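Values in this text are rule-based calculations from the coordinates and carry no lab data. A quick note: this is a predicted structure, and the numbers were derived from the prediction, not measured. Using ideal geometry, Cβ is built from the backbone for each residue, glycine included, and neighbour counts are taken over all protein chains shown.
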Amino acid sequence: MSRADLSAGKVIRMSLLFRIQHLILTVLLTLLAITGFALMYHENSLARWIIEFEGGVHNRGIVHRIAAVLLLANLVYHVFYMLFSREGKTELRLLFIVRQDINDFLQSLRYNLGMSKEYPRFGKYGYKEKFQYWGASGGIILISITGMMLWAEGFSMRFFPKFILDLALIIHGYQGLLGFVLLYLWHIYNVHLHPSSFPMNPSWITGKVSVEWLREEHPLEYEKLKEEGLL
Amino acid sequence: MRKVAFAAVLVLLGGAFLPGLARDASASISLEKCTLCHGKPEFRKLLVDGQIRDLFVIGDTLAGSVHAKKVCTDCHFDVSEIPHREHPKRVTCTHCHYKGNHEGAPQSDNVLAYFDSIHGQAIARGNTKAPLCQDCHGNHRILKAKDPGSRVARVNVAETCGKCHMEIYAQFKGSIHGTALAKGIEEVPSCTGCHGEHRIYARKDPKSTVYSTHVSEQCSTCHGSIKIMGKFGIETEQVATYKESFHGVANQFGSRTVANCSSCHGVHDIRPPDDPLSMVNPKNVPKTCGKCHPGANPNFAVGKIHVDAKNKESGIIYWTATFFKWLTIGTMLALVAHIFLDMYGRTRRLRGER
C-alpha cells in the first residue's frame with residue numbers, strides 16, 4: 001500500500017493479477033451464459049435472435065467452446081497461482097471455510113431477525129465471500145466435466161450409454177442456470193448493490209476500497225492491518 | 001325482295017346453328033371411322049424398345065370416365081384426316097383445362113404447379129420420359145381422384161408412381177406405410193402424402209416438402225397429431241422431443257447435414273422399431289448412428305432416443321431435471337430471503353447507530 005493511497009484513505013483489496021482474472025472470468029461467464037441460454041431456450045425469440053447474431057447454431061457452439069476453453073485456462077492459472085505464489089497462498093488460507101463461518105452465518109441470521117444485538121465481525125473474507133468463491137470454483141469444475149463430455153460426444157459414447165449423455169446435458173443446462181442465478185443475483189447484490197457499496201464496489205477496477213468501508217464491513221481485517229502497522 | 005330477305009335470315013341462322021349440327025355429325029362419323037382400325041382387338045404396335053403398345057379403342061373406352069361425353073378428336077385434335085398419315089401428337093390437356101375455358105372443363109392451378117415441379121421442369125428441358133398429365137391420371141379411363149378406381153386415388157397412386165420409380169415402390173411396399181396402405185388404412189400416407197401431388201420437387205430443392213429442414217414438419221402433420229396417432233397406439237411426443245434435441249435445434253436453424261426424421265428412420269423403407277429390418281431396431285442403431293458418428297457402438301442404443309426430461313417415464317433424467325429445478329428455485333428463494341433479511345438487519349443497524 002502506497003503512501004498516496006493511505007493518505008487518500010484507501011487500502012488495496014484486489015491485486016492487479018486478481019483483477020485481471022476476475023475481469024476475464026466476468027467476460028467469459030457472461031459470454032457462456034448468453035450462448036448457452038440461447039440454446040437452452042431456443043424457442044424464445046430473443047434466443048433466436050442471439051443465435052442468428054452469432055451465425056447459427058454451429059457458430060454459436062464454436063463461440064461457446066472457445067469461451068469455455070479460455071475459462072478453463074483461467075481456472076488452471078488461478079489454481080497454480082493460489083497454490084504456488086506467495087500472494088495466492090496467503091489468500092487461500094484466508095478462504096478456507098472454518099467453524100467460525102458457520103457461527104457467523106447463524107449469528108447474522110439471528111441479528112437480522114432481531115434475536116441478537118451483535119452483528120458478526122468479519123475478516124477479509126466473510127461467509128458470503130467464501131460461499132461465493134467455493135461455489136463458483138466448484139460449479140465451474142463440475143460444469144466443465146459435463147461440458148467436455150458433451151463436446152467429445154463420440155469419445156464419451158465409447159464408455160457411456162446414451163442416457164448418461166442425456167443426463168450430462170440436463171445437468172449442464174440446469175447447473176448453468178443455477179450458477180447464473182448465484183452470480184447475477186447474489187454476487188452482484190452482495191458486492192455491488194449492497195447498501196454499503198451501492199452502486200458499485202470500485203475494487204474490481206481500481207483494486208482499492210476505503211479504509212472506512214473496511215472498518216465497517218470487515219472489522220477484523222481492519223484491526224489486523226492496524227496491528228501490523230500498515231494503516 | 002321479301003323472299004330474298006327471308007333467305008338471307010335463313011342463311012344467317014343456318015350459319016349460326018349448322019356448325020353445331022355438323023359437329024355432332026362429324027363426331028359420330030369420327031368414332032366410326034376411328035374404330036375401323038382401332039376397334040380391332042389385335043391392333044397394336046411394336047415399339048422400338050420392344051414394348052407393345054395397345055391401340056385398341058372402342059366406343060365404350062371413354063364410358064364411365066370423366067370424359068364420357070367426349071369423342072376421339074376432342075383430344076386428338078391434330079387428326080384431321082382418316083386414316084391419319086402422321087403419328088398423332090401426345091394429347092395436351094391444357095387445350096381444354098385452362099382458366100375460363102368454354103368447355104366447362106375443371107381448371108385449378110395444379111397445372112401451373114405441375115409446370116414448376118421437377119416433372120414439369122424435366123418436360124420443359126426436353127426429357128421425353130418425364131410424365132405428362134396423362135402418365136399419372138391415365139389416358140382414356142380418367143376418373144376423379146376421389147374415385148377408388150382412379151390411378152391417382154390414394155390407394156393406387158403408389159403403383160402409378162412406381163411405374164417409373166420402381167425401386168422406391170418396392171421399398172415402399174415393404175415399409176410400415178406401404179403395408180398399412182395395402183390393409184386399407186385410411187390415414188396412411190402414400191407417395192403424395194409426403195411429396196405433394198402436383199408440387200413435387202427434388203428433395204434437394206428448398207421448395208420440396210421433403211427438403212431436409214422440412215422433413216420433421218412433414219412427418220409431424222400426422223405423427224404430431226394425437227387424433228391420428230391415437231388410433232394406432234403410436235406416441236406423438238417424438239416430434240416435440242426431436243425439436244428439443246441437438247439434432248432438432250440445428251435443423252430448425254437451417255443445418256442441412258444434421259439428422260432429420262428420415263436420416264434415422266429411413267425414407268421409403270420406414271419400418272416399426274421391432275422389425276429386424278428397421279433402421280431404428282436396437283440391433284441396427286449403431287449402424288444407423290454410425291452414418292454420421294463414426295465408430296458408433298451399442299451404447300447408442302442404451303436409453304431412450306426421443307427423451308423428454310419433463311416426462312416421468314424418462315426415469316433418472318426426469319428425476320435429475322426435477323431435482324435441479326427445485327434446487328434452483330430453492331436457492332433463488334433462499335438468496336432472495338437472505339438479501340431482504342440483510343437489508344432489514346442493516347437498516348436496523350444504521351438506526352441504532354444514529
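Across region B:35-47, rounded Karplus estimates of 3J(HN,Hα) from the backbone phi angles (6.51 cos²θ - 1.76 cosθ + 1.60, θ = phi - 60°) give 6, 3, 9, 6, x, 7, x, 8, 6, 8, 10, 8, 7 Hz, Gly and Pro being marked x. The reciprocal of the average 1/r between distinct C-alpha atoms defines the Kirkwood hydrodynamic radius, which for chain A equals 20.1 Å.
Per residue, the Cα convex hull of the protein assembly as shown amounts to 300 Å³. Loop-located trypsin sites (Lys or Arg not before Pro) in region B:36-79 (DSSP state not H, G, I, E or B) with no more than 12 neighbouring Cβ atoms inside 10 Å: B:Lys69.
If you average the alpha carbon positions of region B:173-245 and of region B:295-353, how far apart do those two centres end up, in angstrom? The two parts, judged by their Cα centres, are 38 Å apart. Across q = 0.22 Å⁻¹, region B:172-287 modelled as identical point scatterers on its alpha-carbon atoms has Debye log10 I(q)/I(0) values of -1.51, in the order of the q list. Across chain B, the mean sequence separation of Cα contacts (distance under 8 Å, 6 or more residues apart), normalised by length, yields a relative contact order of 8 percent. Per residue of peptide A:35-44, the mean number of Cβ atoms on other chains within 10 Å of the residue Cβ is 2. Put simply, the amide H of A:Lys10, placed in the peptide plane, has neighbours under 5 Å in A:Val211, leaving out anything fewer than 5 places away on its chain. Candidates A:Val191, B:Gly233, B:Ile118 compared by Cα position along the dipole of the protein assembly as shown: farthest toward the positive end lies A:Val191, with charges placed on Cβ.
Across region B:149-296, C-alpha contacts under 8 Å between residues 6 or more apart give a mean separation that, scaled by the residue count, equals a relative contact order of 16 percent.
Among the GluC sites (Glu not before Pro) within region A:41-122, which fall in a DSSP loop and have no more than 10 other Cβ atoms within 10 Å of their own Cβ?
In loop regions of region A:41-122 (DSSP not H, G, I, E or B), the sparsely surrounded GluC sites (Glu not before Pro) are A:Glu118.
With viscosity set to 1.567 mPa s and temperature to 4 °C, compute the Stokes-Einstein D of region A:26-95, Rh being the Kirkwood radius across alpha carbon pairs; µm²/s, no decimals. Translational diffusion coefficient: 95 µm²/s.
Between 0 and 90 degrees, the angle of helix A:56-84 with respect to the longest Cα principal axis of chain A falls at about 40 degrees.
Only helical runs count toward this figure. For the protein assembly as shown, summing -39,500 (n - 2.57) over DSSP H runs of n ≥ 4 and dividing by all residues gives -17500 deg cm²/dmol at 222 nm. Under the combined filter of DSSP loop state and at most 15 neighbouring Cβ atoms within 10 Å, region B:218-283 retains these trypsin sites (Lys or Arg not before Pro): B:Arg256, B:Lys283.
Mean separation of Cα pairs under 8 Å and 6 or more residues apart, divided by the residue count, gives region A:3-227 a relative contact order of 28 percent. Each residue of region A:179-184 was assigned a 3J(HN,Hα) from its phi angle through the Karplus curve 6.51 cos²θ - 1.76 cosθ + 1.60 (θ = phi - 60°); the sequence is x, 4, 4, 4, 6, 8 Hz, with glycine and proline shown as x.
For chain B, dividing the convex hull volume of the Cα atoms by the residue count gives 305 Å³ per residue. Towards the positive end of the charge dipole of chain A, with charges on Cβ (+1 Lys, Arg; -1 Asp, Glu), say which of A:Ile170, A:Val69, A:Leu214 has the farthest Cα. Final value for the positive-end residue is A:Leu214.
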